[in-house]
Amino acid sequence: MKQVDLEIEENLERHRTAGFCHSKALVLRRGSPFRVSLPMNDCPFNSRTDTLRIKVMLGRLYVTMPVTLSSNISSSRWVAFMDPESLDVSNPSVFICAPASASVGCYTFKVLGFAQKKLKFCALGKFILLCNPWCRADSVYIPFEDQREEYVQNDSSLLFMGTATNVESRPWSMDLFEPDVLEACLNMLNISPQHQRNKRTDYLYRNNPVYISRVVSAMINCEDDRGVLKGNWSGDFSGGVHASKWTGSGDILRTWAQSGYRPVKYGQCWVFAAVMCTVMRVLGIPCRVVTNFNSAHDTNGDLVIEEFYSETGKKLKSTKDSIWNFHVWVECWMTRRDLGGDMDGWQALDPTPQYRSRGVFCCGPAPVKAIKERRVDLFYDIPFVYAEVNADVHTCVVSQGRVLSRSVDTERVGPLICTKAVGYPRLHDLTPEYKNVKSPYSTLSSNSSCRSESSTLRRGTGKLVAILTLDKTPVAGAVIHITLKVINRQPVAKMLKVHINAAIKEYNNSPADTFWENQSVVHLGPLEVKVLKQQILPDRYEDAVGDDLVNLAAVLEDMATHERLLAFEEFNVATPELIIQVEHEDNLVLHQEQIANVTFTNPFSHPVSGVLSVSGASLIQGHANFRMFTLRPGGSGKQRIAFVPSMTGTKMLQALLTLSNKSTIRGFKMISIRPL
């Protein structure tokens, strides 16, 4: 059987899919025509007597269409046409156009030629069809070219973590165009429970990004199906990879596919979200990764999160509700014809398996507009996402089952919601899109200190205020300076017992081990303000904290009334970035060897060693790994890296240094590759 000439180079360029040139099939976008040439040397085409018909197949679904001489393109049906003015009878060109509502998937097609109603020619072809955000009739159409480049074509990004007062950016390689990634994304749809139950229905529904996004949200985790990632928040990552060690989506998707679609160990929220972002971009649906700081996990839907502390300031785990220092999900851009036109635009989706939607671990798509307006009557999962950014926090000090003090905070949850800016490696604030608040980021980023919520205890006519402050942003290798300001607003003296506790904390859990504490007794005169200074030396926290966060809490007890007052702060210790310098970076050329140097200076108070891993989509195949020998405190080491770019455009070169003290140090460099 003859094969049509798919005119691959021309069609990839026309459909903005040149990055997928390694695919065995032609990759196209719906709603735009593509050209194929027919090898008819032994039976030249006669436009007066011959006719052509095309049969396009997706699974057992098919459509047939005549090849006409009219180039009118329809956004709602398949069409095929020829240009009579440029007709080559021995190698005629046919243009085929899928409707803007065609289903995503792997298609085959036949071109049949007839003379006097008798078959004289038959040729086969196949192609992959994706969504088309450049097509106005497509339900994923996004009107700005810079956003299409960022949210569909950009194969690298930044993920934001840490705390709202000390945001850390983490480079991530989306790996959209790396080998086998496209095939893994398409196979994800084919092994989904929806496809396995009813292939025909699944193929029909794949025209709708709402349906596709719910399928992918469920398939990124493995709780209900043969999904990609196994979540792990236990602290024990034996038998797999620690979530913080992943640097891109390609390794995860390839490992999953090559294992016969067994879940990859392990993922946490940012890994789930980043892999989903890759899949959605590959399928042609605009997507971005979003971080919500102080994200509430409200299990009973009452919009209240309760937290409990002991008398000594140790945070207790005594409820299923929790506040994650940050939580990461994705947003996808699409129209919501099922909800009416006013809910079009960005939709929140969460693949982390923490919530069952209609019995399945997935979440969304929830229109961001509906979250802001608290439209809990709309689909999908708006109440859960609304609580993540709006719940109230009730904080209690308890002893032997009794509540000694209680405070309510209505602003702690969701103070900063953000994503990567379009075209630049920096943060873009989304908080006003989710909540009726002013953008907080300029205020947060300009503060030189990290300040806790002011905790106030009122009992009868008495009043006591405590404010817990970090004098400056904690940095690895430096002393952490703590200030506790205590204000006595009563005209009588007070004797206070003060206990300050610092414990390590994973971003989603209650604190574990206490690594530093201090106790003292303080005398406050009438209406006196007293400032207490404490410090945590590097050798007390460096080995304990690693990549975790710190929960710092102070409990003050009035020794006369035994009333308690709590002030607390959760913070991360910033680590320095690896410095990446590229030789001749203004003249980096495709397919020619380039040189980069990665430099690390040890900020810690003790010697460290480790393993350096360097990677970059379209720059380095896999990972280049190097052992870094022991560096004394303040010592520097440099590693030379050779790489050969395989694609033009802006690319991310990133490095990850895993140290012997459990810390990980990262760095990245955006570089521009030009053609030969």
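If you take the Cα atoms of region 16-62, find Rg, then find the Kirkwood Rh from the mean of 1/r over all pairs, what is Rg/Rh?
That ratio is 1.05, to two decimals.
Considering the Cα trace of region 106-250, what is its radius of gyration and what is Dmax, both in angstroms?
20.6, 77
If eta is 0.692 mPa s and T is 37 °C, what Stokes-Einstein diffusion coefficient results for the chain, Kirkwood Rh from Cα pairs, in µm²/s?
Calculated translational D: 118 µm²/s.
Can you send over the carbon and sulfur percentage of the accessible area for the chain, probe radius 1.4 Å, protein chains only?
49
In Å, what Kirkwood hydrodynamic radius results for region 497-554 from the alpha-carbon pair distances?
About 13.0 Å, per the Kirkwood formula over Cα pairs.
Rounded to two decimals, what ratio of Rg to Rh does region 504-611 give with C-alpha atoms and a Kirkwood Rh? Please report the intermediate quantities before stating the final value.
Numbers: Rg = 22.8 Å, Rh = 18.8 Å.
On the Cα set of region 504-611, Rg over Rh gives 1.21.
Write down the accessible area per residue of the chain in Å², having rolled a 1.4 Å probe over the full set of protein chains. Please report the intermediate quantities before stating the final value.
Working: 28210 Å² over 676 residues.
In whole numbers, the chain has 42 Å² accessible per residue.
Considering only protein heavy atoms, with the full assembly of protein chains and a 1.4 angstrom probe, order 303, 159 by accessible area, largest first.
Largest accessible area first, the list is 303, 159.
How compact is region 290-369 by the rule of thumb for globular proteins, expressed as Cα Rg over 2.2 N^0.38 Å?
Output field value: 1.38.
Treating each Cα of region 556-676 as an identical point scatterer and ignoring solvent, apply the Debye formula and state log10 I(q)/I(0) at q = 0.17, 0.22 Å⁻¹.
Values returned for q = 0.17, 0.22 Å⁻¹ are -0.84, -1.16.
Send over the semi-axes of region 218-377's equivalent ellipsoid, whole angstrom and largest first, taken as the square roots of 5 times the C-alpha gyration tensor eigenvalues. Each step should come with its number before you reach the end.
Details: eigenvalues 135, 125, 34 Å².
Whole-Å semi-axes of the equivalent ellipsoid: 26, 25, 13.
Quick one: compute a quarter of the convex hull surface over the Cα atoms of region 156-209 and quote it in nm².
5.8
Quick one, can you get me the convex hull of the C-alpha atoms of region 561-632 expressed as volume per residue in Å³?
Convex hull volume per residue, Cα atoms: 184 Å³.
Please report, for the Cα atoms of region 58-180, the Rg to one decimal and the Dmax as a whole number; what are they, in angstrom?
When restricted to Cα atoms, region 58-180 yields Rg and Dmax of 21.1, 77 Å.
Based on Cα coordinates alone, diagonalise the gyration tensor for region 184-307, multiply each eigenvalue by 5, take square roots, and list the semi-axes in whole Å, largest first.
25, 20, 14
Using 28 Å as the Cα-Cα cut-off, could you pick out the over-long pairs in 505/651; 533/638; 199/420; 435/497; 199/230; 314/420?
On the way: 505/651 34 Å; 533/638 39 Å; 199/420 37 Å; 435/497 40 Å; 199/230 26 Å; 314/420 35 Å.
From 505/651; 533/638; 199/420; 435/497; 199/230; 314/420, over 28 Å: 505/651; 533/638; 199/420; 435/497; 314/420.
How much accessible surface area, in Å² rounded to 10, belongs to the heavy atoms of residue 585 with a 1.4 Å probe?
80
For residue 483 and residue 433 in the same chain, what is the full-extension length gain: residue separation times 0.36 nm, less their Cα-Cα distance, in nm?
Gain on stretching residue 483 to residue 433: 14.5 nm.
When the convex hull of the Cα atoms of region 320-418 is projected onto a plane and the area is averaged over all directions, what value comes out in nm²?
So the Cα hull casts an average projection of 7.9 nm².
State, as an integer percentage, the relative contact order of region 1-65 based on alpha-carbon contacts under 8 Å between residues 6 or more apart. Write out the running numbers ahead of the final one.
Working: 49 pairs, mean separation 18.6, N = 65.
Relative contact order comes out at 29 percent.
Cross-link candidates for residue 118: which lysines have Cα within less than 29 Å, leaving aside residues fewer than 8 places away along the same chain?
Partners within reach: 2, 55, 110, 126.
From the alpha carbon gyration tensor of region 1-134, can you work out the equivalent ellipsoid semi-axes (sqrt of 5 times each eigenvalue) and give them in Å, largest to smallest?
One finds semi-axes of 24, 15, 14 Å for region 1-134.
Can you pull the Rg over Rh of region 194-235, Cα-only, Kirkwood? The partial results should precede the final answer.
On the way: Rg = 12.6 Å, Rh = 11.4 Å.
The Rg/Rh ratio comes out at 1.10.
The values are calculated or read from the model by the stated rules, or taken from the named source; none is laboratory data. Keep in mind that this is a model prediction, so the values were computed, not measured. Each accessible area value is taken on the protein alone, full model and side chains, heavy atoms only, with ligands, DNA and RNA left out. Shrake-Rupley method; radii C 1.70, N 1.55, O 1.52, S 1.80 Å.
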